[in-house]
Amino acid sequence: MTTAAAARAVDVWKVYGSGEAQVVALRGISVDLARGQFTAIMGPSGSGKSTLMHCLAGLDSVTRGQVYIGGTELTGLGDAGLTRLRRDQVGFVFQQFNLLPTLSAQENITLPLAIAGRKPDPMWFDTVIDTIGLRDRLGHRPSQLSGGQQQRVACARALLGKPEVVFADEPTGNLDSRSGAEVLGFLRRSVREFGQTVVMVTHDPNAASYADRVVFLGDGQIVAELADPDAEAVLDTMKRLDVLGTVA
Amino acid sequence: MLRATFASLLARKLRLILSGLAVVLGVMFVSGAFVLTDTLGRSFEGLFSTVYSQTDVQVAGKPKIEVDELEGAPIPANVPADLVERIEDKVPGVADAVGLAEADGARVIGKNGKVIASLGPPRLGANWTGESDMITLRPGSKAPTAENEIAMNAGLAKTGGFNVGDEIAVLTLEPKKTFKLVGIFGYSNDRDSIGGATVVAFTTPVAQQLMLGEKDVYSAIRVKAAAGVTPEELRDRIAAELGPDYVVKTGDQLATETTDSFRRGLGFFNNILLGFAGVALFVGIFLILNTFSIIVAQRTRELALMRAVGASRRQVIGSVLVEALVIGLVASVLGLGAGIGVGALLAFVFGQMAGGLALAGIGVPVAAVVSAFTVGLLVTLVAAVLPAIRASRIPPVAALQDSAIPDKPLTRVTIAGALTLTAGGAALALGLSGNAGDATLWTVLAGVLVSFVGVALLTPLLARPVVSVLGRLFSWSVPGKLGRLNSGRNPRRTAITAAALMVGIALVIGVNVILTSATKSFDRLAANQVHAEIYISGEQSGPLPPTFDAAVLDRAGSTPGVAKVTGAYLDRAIVNGTKPDFVVAVHDIAAARDIFALTPAEGSLDTLGEGQLVLDAESATQIGGVHAGDRVSIQLTRGEAETYTVAGIYQDNDVISGIFVPESAAKNFAVPQPFQAFVQLAPGASITDVLPRIEALLADSPEVSASDRSAFIAQQTRQFDTILTMIQILLALAILIAVLGIVNTLALSVLERTRELGLLRAIGLRRAQTMRMITVESMVISVFGALLGVAVGTGLGTAVVRALRDEGFTDLAFPWSQMALYLVLAALVGVVAAVLPAIRAARVDVLNAIAYE
């Protein structure tokens, strides 16, 4: 099981502030994110889903517990180590502001590799570009692309370095449903066809239905899981949890 | 509305400080200049009232030649020694009259064989007139009583390390003479010197001979009034007795007059400082303009919201201008405070350099306060007007839109720039062509200033292509490339920031081009048109030129290997009643003719006998169209006006011009010793053989040296380096403000691009790479500015050199190494300016930056 996990959290706690103002965002979460799987993390706002993703991706430090990406333990790495890890083993797709306005689409896609001083594998590059279907737009600046196209460029950037994990933070939050479906379809294809590991934070049940597995968070803990969900099942689970939450 | 303005001011402390700092520095310079000159002025007042404290009335001869204050002090005619008795005997109410034989120019040779230099205060030689309330001999001293004895003030003795009993060599109107030091004296209140002046006291006959050049004369007579007689009464009585040939003044009058004359000199100095302050403030305007533009751009939504909720255009303009007003006010107060400090510090340094000028208390003249606030407020408001108008044009709907208003095309600003540059160029051309009359200086300055504005307006258009080419130098790495792209992102912002740096560098390079061309032209002249191999000359270090023993000329002439020697003595004279002009007494006119390749236009240049003169064609026209055989009257510093006959007129040339009189006339010069000589070697003689022989002749003339052509040119052009250094120091402030501008622009850009930086860090850009990205952006801007400065400076310098072609600027030469140096320095400046913004960028919190809303 350990070898199959692309990312792993072991009894992770995240506490902000201290004393009266103390907020516990994560309460001892342990989760394995299997390699080659598309995992969605869901939960109401304040449930800690974004915090968990930030901790898993090496963007934020944990208060207690361990986080692993591949075989590397993140906890204890300094800024330089974390930066290198993000560069080489993690891909990111954010909700908005994903691209540098000064660079063309192609330059944006190859940026992490360029920063690392590596050349993209041309075959793989072609495959990725053909998958996102933006070959004729590679020379365009982000301002000349639609929101959906920009987000597909961001996905291509995340995939090109063949990272251990791609983290997507509400990747469809700013898109209309058709563009959103394109992006999600592309993420699922990357998992199915290229064996990529993708972890996505979302609050949209429809988006979550593209995933192989959905992890539900509530109040800093994992409260439910679904495997191979459809939108209906996700919605049901959310309703159930919501009722539980109200009762509690 | 006002409350909103203040809230926005407080929320932007960093911008406030940075843009305010430019004004603070400029105001500091302005008020510092006023405080400095005021303090020095009052210090001189104290100094001269001390100098004349023992004088009730002073009688002196009328100067034969009046000269402008900026050209030096006029030398009074000597008065006969028996005038002392006449005053004592004929004028009632005189307690005591003392003849003074005192003049500047007693140069003591130090233990290292070199003349003890002065940085301004006179090196007086005087007759010993006894101890007084003011002057007392130090223990172990006695007054000089024999011809070979001298006393000196304690300050000079300390500087030279002299003790009573030492042999002291002194240069005066006569060549080096050696004396025995018998007395060291000090002044009241235990002072070693008065205002840093050095004094060598001889016996009266020796002082008359060595300092005044004549026996039985005095330079002035100091009169003390008897009890009950006021100095004014005594002055009037003496004036009545002596008639109009003498200048009779009270000690107070002299103190006031001398102080006033120094004050006028300081006023000139003050204007120079204010000129440089003006440049700094001009650059400051760019910085403030940029800051406000960026602030307005960043506050677009906020301002639009204000408009949406009902603020009028006028209120928006008002809010931006009030913000500027507050910055200007705070900066003026701080600048004034800093200026007082800097003025006091500079006054102290100046006092120390001048050899211990006792400083009066630091005062803050009204002019300093008024100018500080006027300049501070005006500059800030002028710079804020354009951004304020732009702010008022933001439509209310911008509050609802997400996208920023796109940059307007550069067409209008480019056309405006081209027109402004043309206007500036036209003014410059008019000024340089000499057709602007009395307003020449102002026309040229206005032309330069307007041209700068024109270039600044054209800069945005240049920014994109130039920055992209420049940036390629730095974009071998990904952070470098990102930095280059960022610097090309907002051409207006990059352009204004770079243009600020351009101003200072353009001025330095412009002056440098002129001086380099002057050196080159001088070099070519000397090489092509002066047929001499060895040059005797010195560097001027005080009010009097360095001179040497006239006997050297003859001895050099009879030195083996020497073909010809000509030498020159220099003085001012009144020729045919015109305003004072230089005349040259020439040793061996035939040698001068051959060495300088002079060709006669009229008469002959073969000999210059007693009572004859030779002059160039242009001077001949200037003094009233004289021809060979005509008679010309010449009044020299000493003696009466004499009539000379024109023996010859030589054709105008680039090397020398002027009126030549025979060597014998030099006895009536202020300094009857030669200051330059040119030696032509005999065919076959080698300079390496002859130069040491000539050098040996100069053993007793330490102020000058013998050198070959290249060393001579280097010596003569060394003062250019001094000028350049001074200009660079004074322009350093303008450049510093420009650097602040780069810091400011970068800091604001980093702030604007926080999310971008967060994204880059998230996808793996290391901190060091982030810093490198900002550094490259900074370097691109600063090198762009320097490049503009070098280009504009070269243009300005070339224009001036070409305009002065007829004044001897035959060659146009460029200071390539200096230009390269400035580009390299600009790159370094870019690195330094980037430090703080880069650290800030590297510290951007990734999570905060990417978190939406």
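Some values worked out for this structure:
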| item | result |
| --- | --- |
| Leading residue at positive end of dipole, the protein assembly as shown (Cβ point charges), from A:Val166, B:Ile589, B:Ser371 | A:Val166 |
| Virtual spin-label span in nm between B:Thr607 and B:Ser49, 7 Å along Cα→Cβ | 6.2 |
| Magnitude of the charge dipole, the range B:681-741, Cβ model with Lys/Arg +1 and Asp/Glu -1, debye to 20 | 220 |
| FRET efficiency, A:Arg135 to A:Arg188 (Cβ-Cβ, R0 25 Å, nearest 0.05) | 0.75 |
| Packing-based exposure ordering (other Cβ within 10 Å, fewest first) of B:Glu88, B:Glu602, B:Glu807 | B:Glu807, B:Glu88, B:Glu602 |
| For A:Val183, net neighbour charge (Lys/Arg +1, Asp/Glu -1) across residues whose Cβ lies under 14 Å away | 0 |
| For A:Gln95, residues with placed amide H under 5 Å, excluding near neighbours | A:Asp169 |
| Exceeding the 20 Å Cα-Cα cut-off - candidates B:Lys64/B:Lys177; B:Lys114/B:Lys177; B:Lys114/B:Lys158; B:Lys64/B:Lys667; B:Lys64/B:Lys176; B:Lys114/B:Lys667 | B:Lys64/B:Lys177; B:Lys64/B:Lys176; B:Lys114/B:Lys667 |
| Spatial separation of Cα centroids for the range B:790-804 and the range B:345-388, in angstrom | 32 |
| Computed [θ] at 222 nm, helices only, for the protein assembly as shown once each DSSP H run of length n ≥ 4 contributes -39500 (n - 2.57) | -17000 deg cm²/dmol |
| For the range A:5-247: relative contact order, % (alpha-carbon pairs under 8 angstrom, 6 or more apart) | 27 |
| Cα centroid separation - the range B:584-605 against the range A:49-67, whole Å | 95 |
| Top of A:Leu85, A:Leu100, A:Leu184 by mean-square fluctuation, Gaussian network on chain A, Cα under 10 Å | A:Leu100 |
| Additional length obtainable on full extension of the chain from B:Ser664 to B:Asp806, 0.36 nm per residue less Cα span | 47.8 nm |
| Spatial separation of Cα centroids for the range A:72-91 and the range B:54-121, in angstrom | 85 |
| Projected label distance in nm at B:Val309 and B:Ile687, using a 7 Å step from Cα toward the beta-carbon | 8.2 |
| Karplus-derived HN-Hα couplings along the range B:77-94 (A = 6.51, B = -1.76, C = 1.60, θ = phi - 60°), whole Hz, x at Gly and Pro | 5, 5, 10, x, 5, 6, 4, 4, 5, 4, 5, 4, 7, 8, 9, x, x, 8 |
| DSSP-defined beta bridges in chain A - what % are antiparallel, rounded to 5 | 55 |
| Dipole magnitude (debye, nearest 20) for the protein assembly as shown, charges at Cβ of Lys, Arg, Asp, Glu | 5520 |
| For B:Arg772, net neighbour charge (Lys/Arg +1, Asp/Glu -1) across residues whose Cβ lies under 11 Å away | +2 |
| Zone of A:Glu73's modelled label, taken as backbone nitrogen in the range A:11-47 under 15 Å from a point 7 Å along Cα→Cβ | A:11-13 |
| Whole-Hz ³J(HN,Hα) from phi, Karplus 6.51 cos²θ - 1.76 cosθ + 1.60, for the range A:213-226, glycine and proline x | 8, 10, 10, 9, 10, x, 6, x, 9, 7, 10, 6, 9, 10 |
| Sites B:Leu381 and B:Val349 - FRET efficiency at Förster radius 35 Å, r taken between beta-carbons, to 0.05 | 0.55 |
| Most mobile listed residue (A:Met238, A:Met42, A:Met123) in chain A, GNM with C-alpha springs under 10 Å | A:Met123 |
| Length added when fully stretched, B:Lys111-B:Ala240, from 0.36 nm per residue minus Cα-Cα | 41.5 nm |
| Amide N of the range A:5-45 lying under 13 Å from the label point, which is placed 7 angstrom from the Cα of A:His203 along Cα→Cβ | A:42-45 |
| B:Ala641-A:Ser146 pseudo-label distance in nm [points 7 Å out on the Cα-to-Cβ vector] | 9.9 |
| Contour excess over end-to-end distance, with Cα ends at B:Asn653 and B:Asp82 and 0.36 nm allotted per residue | 200.6 nm |
| FRET E, pair B:Gln298, B:Thr411, Förster distance 22 Å, beta-carbon r, rounded to 0.05 | 0.30 |
| Within 10 Å of each Cβ in A:111-118, the average number of Cβ atoms from other chains | 5 |
| Residues with amide H under 5 Å from that of A:Ala5, placed H, sequence gap 5 or more | A:Arg35 |
| Burial ordering of B:Val170, B:Val750, fewest other beta-carbon atoms within 10 Å first | B:Val170, B:Val750 |
| Of all DSSP beta bridges in the protein assembly as shown, antiparallel share, percent nearest 5 | 70 |
| Dipole axis of chain B (+1 Lys, Arg; -1 Asp, Glu on Cβ), positive-most option in B:Phe162, B:Leu289, B:Ala347 | B:Leu289 |
| Highest-first arrangement of B:831-844, A:135-148, where packing means the average Cβ count within 10 Å | B:831-844, A:135-148 |
| For the range A:3-133, with +1 on Lys and Arg beta carbons and -1 on Asp and Glu, the positive-most of A:Leu59, A:Pro120, A:Val31 along the dipole | A:Val31 |
| Cα gyration tensor shape for chain B, rounded if a/c is under 1.5, else prolate or oblate | prolate |
| Residues B:Leu681, A:Leu74, sorted so that the one with the fewest Cβ neighbours within 10 Å comes first | B:Leu681, A:Leu74 |
| Debye, to nearest 20: dipole size of the range B:258-379, +1 on Lys, Arg Cβ, -1 on Asp, Glu Cβ | 400 |
| Longest segment of chain B lacking chymotrypsin sites (Phe, Trp or Tyr not before Pro) that sit in a DSSP loop with at most 15 other Cβ atoms within 10 Å | B:1-475 |
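FYI, it's all coordinate maths here, none of it is from the lab. All values derive from a computational prediction rather than experimental measurement. FYI the Cβ positions are ideal-geometry reconstructions off the backbone, even for glycines, and counts take in every protein chain you see.
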